[in-house]
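Enquirer: I'd like to ask you about the structure that follows.
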Amino acid sequence: MPARVLLVGAGAVGARAARQLVEADDVDEVVIVDPDAARRRAVVTSSGDKATDGGPSSADVAGAVDAVLLAGPNGTHVPEGRRHLALGRIVVSCADGIPDVSGLLDLGPEAEARGTRVVVGAGFSPGLTCVLARHAARRFEVVDEIHVARLGTGGPACARAHHKALSGTSLDWRDGGWQRRPAGSGRELCWFPDPVGGQDCYRAELPDALLLVPPFPRVSRVTARLAATRRDRITARLPMLRKPHPEGLVGAGRVEVRGRRQGAQDVVVLGVLDRPAVAAGAVAALALRWARAERLPVGAHGLAAVEDTVGFLAELARIGIKAAAFEGSAT
Amino acid sequence: MVLLRRALAALGIAGLIAAVLRLRGSGGTPPQEGGWRELTGPELD
């Protein structure tokens with residue numbers, strides 16, 4: 001049965017998600033909510049007949065809603081998610097802040113009790129990188145380490161989150177425990193798909209480990225790094241010196257999975273190159289449709305819970321978001 | 001007073017060296033061979 005979807009947030013990611021949702025056969029209405037009236041109307045107008053104006057707040061939307069896609073800024077997702085979950089709705093969140101991701105994962109028991117799904121971190125990274133981690137893990141009997149790195153930002157809210165992430169505290173998983181270290185440290189040269197190539201990446205306040213440890217209970221190390229320039233690092237603890245761009249340009253994600261198969265250690269490196277807001281919108285819309293189709297597990301999970309990674313990546317490839325594998329020296 | 005000035009100078013120099021090391025770092029080694037290829041085939045391998 002076609003769904004009535006509530007889209008909260010009409011920024012760079014929300015606009016792209018709306019475009020994907022209105023083109024889906026299994027969605028018959030997308031109600032768009034955003035406190036910025038001009039931005040909301042622009043997205044409704046550009047998204048065609050299936051898109052309707054839901055006003056400034058999701059609390060004002062009347063009628064039955066099957067699923068909710070949260071594409072607003074970090075800090076807004078937990079109260080929204082809790083409210084919609086209480087109504088038995090599927091919730092998909094693009095949040096990439098640790099408090100939002102942690103708070104949404106805490107809704108797992110309630111989601112299980114209600115027999116519904118809360119999909120957490122359904123964006124570019126975390127999100128697509130979680131699917132790539134699961135896809136790479138298929139090649140191993142035991143996964144020992146997962147290392148995620150990303151470059152680029154989506155809209156202005158994402159740029160602000162990027163800036164903030166470099167001044168906070170990173171959260172890594174090491175030998176069965178959480179390890180906190182200052183963001184901006186731990187420089188590592190990471191090789192992204194062409195034409196991005198090598199970029200210096202640093203520890204940052206990113207939630208990837210929170211989403212990747214539960215699906216890989218035997219993993220001993222999970223880290224996440226963010227590509228940054230020296231200027232980014234110097235100014236990380238200051239307020240943003242200029243207004244962020246309406247949308248970042250090219251972005252890239254990279255996942256390195258180390259594990260064992262047939263007694264031998266090996267490494268698989270997968271990557272993706274796209275505009276982060278475009279990819280995040282597509283991933284979030286697809287995650288919502290898969291959650292509705294019961295192709296994601298009940299409870300609160302990240303996208304590393306996707307079992308059919310081939311199907312998920314193939315659907316993204318059909319709209320031009322293609323993953324790649326690195327072959328050669330992994331460093 | 002001399003001791004205090006020397007201590008402050010030492011702290012300043014140490015801070016300066018730490019800042020330079022933090023910003024420059026030791027870098028990494030770029031891949032010596034290989035490259036990226038699109039995932040293809042029925043299993044996207």
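Enquirer: Please count how many residues of segment A:91-117 are hydrophobic (A, V, I, L, M, F, W, C) and under 21 Å from A:GLY11 (Cβ atoms). Give the steps one after another, and end with the answer.
Expert: Step one: filter segment A:91-117 for residues hydrophobic (A, V, I, L, M, F, W, C), giving A:91-92, A:94-95, A:98, A:101, A:104-105, A:107, A:111, A:113.
Restricting the remaining residues to those that are under 21 Å from A:GLY11 (Cβ atoms) gives A:91-92, A:94-95, A:98, A:101, A:104.
Matching residues across segment A:91-117 total 7.
Enquirer: Which one of these is within 24 Å of A:ALA159 (Cα to Cα), small (Gly, Ala, Ser) and without any contact (Cβ under 8 Å) to a residue 24 or more places away in the chain: A:ALA38, A:ALA18?
Expert: The unique qualifying residue is A:ALA38.
Enquirer: Of all residues being among the charged types (D, E, K, R) and farther than 20 Å from A:PRO156 by Cα in segment A:41-57, which is modelled with the lowest pLDDT? Just the residue, please.
Expert: Here the answer is A:ASP49.
Enquirer: May I ask you to verify whether A:VAL143 is in contact with a helix residue (DSSP H, G or I) (Cβ under 7 Å, 6 or more places away or on another chain) and within 14 Å of chain B (Cβ to nearest Cβ)?
Expert: Working: in contact with a helix residue (DSSP H, G or I) (Cβ under 7 Å, 6 or more places away or on another chain): yes; within 14 Å of chain B (Cβ to nearest Cβ): no.
Answer is no for this residue.
Enquirer: Looking at (1) surrounded by fewer than 24 Cβ atoms within 10 Å (Cβ to Cβ); (2) within 22 Å of the chain's Cα centre (by Cα); (3) not polar (S, T, N, Q), which is the one condition that is false for A:ALA37?
Expert: Single failed check for A:ALA37: (2).
Enquirer: Please count how many residues of segment A:154-178 are small (Gly, Ala, Ser), surrounded by 21 or more Cβ atoms within 10 Å (Cβ to Cβ) and outside any helix (DSSP H, G or I).
Expert: Residues meeting the conditions: 3.
Enquirer: Could you say whether any residue in segment A:242-252 is in a strand (DSSP E or B), touching a residue at least 24 places away in the same chain (Cβ under 8 Å) and assigned by TED's automatic domain parsing to the domain that holds A:LEU171?
Expert: Yes, segment A:242-252 contains a residue that is in a strand (DSSP E or B), touching a residue at least 24 places away in the same chain (Cβ under 8 Å) and assigned by TED's automatic domain parsing to the domain that holds A:LEU171.
Enquirer: Of all residues in segment A:95-134, which are over 22 Å from A:ALA149 (Cβ atoms) and β-branched (Val, Ile, Thr)?
Expert: A:THR116, A:VAL118, A:VAL119
Enquirer: Within segment A:217-238, can one find any residue that is surrounded by fewer than 22 Cβ atoms within 10 Å (Cβ to Cβ), of a type in the set (Gly, Ala, Ser), in contact with a Pro (Cβ under 7 Å, 6 or more places away or on another chain) and assigned to a loop (DSSP other than H, G, I, E, B)?
Expert: No - not one qualifying residue is present in segment A:217-238.
Enquirer: Give the residues of segment A:48-71 that are surrounded by 16 or more Cβ atoms within 10 Å (Cβ to Cβ), among the hydrophobic types (A, V, I, L, M, F, W, C) and out of contact with any Lys or Arg (no Cβ under 8 Å at 6 or more places or on another chain), sorted by residue number.
Expert: A:ALA51, A:VAL61, A:LEU69, A:LEU70, A:ALA71
Enquirer: Limited to segment A:273-322, what total is found for residues that are more than 14 Å from chain B (Cβ to nearest Cβ) and not acidic (Asp, Glu)?
Expert: 31
Enquirer: For the list (1) over 18 Å from the mean Cα position of the chain (by Cα); (2) more than 14 Å from chain B (Cβ to nearest Cβ); (3) touching a residue at least 12 places away in the same chain (Cβ under 8 Å), I need the number of the one condition that A:ALA325 fails.
Expert: Unmet for A:ALA325, out of (1) over 18 Å from the mean Cα position of the chain (by Cα); (2) more than 14 Å from chain B (Cβ to nearest Cβ); (3) touching a residue at least 12 places away in the same chain (Cβ under 8 Å): (2).
The values are calculated or read from the model by the stated rules, or taken from the named source; none is laboratory data. Computed from a predicted model, the values in this text were never measured in an experiment. All Cβ positions, glycine included, derive from the backbone under ideal geometry; neighbour counts span all protein chains shown.
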